[in-house]
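K.L.:
Let me begin by handing over the structure; questions about it come next.
The values are calculated or read from the model by the stated rules, or taken from the named source; none is laboratory data. Computed from a predicted structure; not experimentally measured. Please note: Cβ atoms are built from the backbone with ideal geometry, for glycine as well, and neighbour counts cover all protein chains shown.
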Amino acid sequence: MRRVLVDTGPVVAILNRHDQYHRVCVEALHEMPGPLFTCWPVIIEAAWLLGQGVHGPKNLQSLMDGIDSGFLALLPLNSEDAAPIGSILKKYQDIKPQLADAALVHLAACNGLDTVFTLDQRDFSVYRLPKGRMFRVLPKAM
């Protein structure tokens, strides 16, 4: 079974049934092994997006429950990761990467992961893993 990194977009779409990508992300989720691996920058972006509106508090609780239940597994980042993440931000500065994207690219390289569940298919088709390998991007059809 392939381990899967998850970006902000699918986390938000899965937890917010009003999101335009909710259905496609929930359907794609059924084909993936759990847990989905992510990091704090993704959680922070998702929390900001999910916290908006009348359903914000409930959505934020669902996000925290997703971590507590093991649906989402957080890969650790520490101070030694700042320089390589900064290098990724600089390398891809022409596409204006988000910190969460750069952190995921770094974690993928460090943990031997090559599959990412994202709605940002354009940027993840540009990012490269060690030895120039491309990410396997899910969901395939959007």
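K.L.:
Among the residues in the range 70-85, are any closer than 29 Å to HIS18 by Cα and among the polar types (S, T, N, Q)? Can you show your working first?
P.N.:
At the first step, the residues of the range 70-85 found to be closer than 29 Å to HIS18 by Cα are 70-75.
Then keep just the ones that are among the polar types (S, T, N, Q); that gives none.
Within the range 70-85, none of the residues are closer than 29 Å to HIS18 by Cα and among the polar types (S, T, N, Q).
K.L.:
Related question: Does at least one position in the range 74-90 carry a residue that is in contact with a strand residue (DSSP E or B) (Cβ under 9 Å, 6 or more places away or on another chain), of a type outside the set (Gly, Ala, Ser) and crowded, with 18+ Cβ neighbours inside 10 Å?
P.N.:
Applying the first criterion (in contact with a strand residue (DSSP E or B) (Cβ under 9 Å, 6 or more places away or on another chain)) to the range 74-90 yields 74-75.
Among the residues that remain, those that are also of a type outside the set (Gly, Ala, Ser) are: 74-75.
Those left that are additionally crowded, with 18+ Cβ neighbours inside 10 Å: 75.
Looking through the range 74-90, at least one residue is in contact with a strand residue (DSSP E or B) (Cβ under 9 Å, 6 or more places away or on another chain), of a type outside the set (Gly, Ala, Ser) and crowded, with 18+ Cβ neighbours inside 10 Å.
K.L.:
Of all residues in the range 6-41 being in contact with an Asp or Glu (Cβ under 9 Å, 6 or more places away or on another chain) and not in a helix (DSSP H, G or I), which is surrounded by the most Cβ atoms within 10 Å (Cβ to Cβ)?
P.N.:
THR38
K.L.:
Assess whether ASN59 counts as being under 22 Å from LEU49 (Cβ atoms) and touching a residue at least 12 places away in the same chain (Cβ under 8 Å).
P.N.:
In short, yes.
K.L.:
Separate question: Which is surrounded by 15 or more Cβ atoms within 10 Å (Cβ to Cβ), at pLDDT 95 or above, over 20 Å from ARG2 (Cα atoms) and in contact with a Leu (Cβ under 8 Å, 6 or more places away or on another chain), of ALA47, ALA103?
P.N.:
Working: ALA103 fails: over 20 Å from ARG2 (Cα atoms).
One residue alone meets the criteria, ALA47.
K.L.:
For the list (1) at pLDDT below 95; (2) in a helix (DSSP H, G or I); (3) not small (Gly, Ala, Ser), I need the number of the one condition that GLN52 fails.
P.N.:
(2)
K.L.:
Identify all residues within the range 79-135 that are out of contact with any Lys or Arg (no Cβ under 7 Å at 6 or more places or on another chain), among the hydroxyl-bearing types (Ser, Thr, Tyr) and either free of Cβ contacts under 8 Å to residues at least 12 places away in the same chain or part of a strand (DSSP E or B) (or both); write none if there are none.
P.N.:
Listed by number, the residues that qualify are SER79, SER87.
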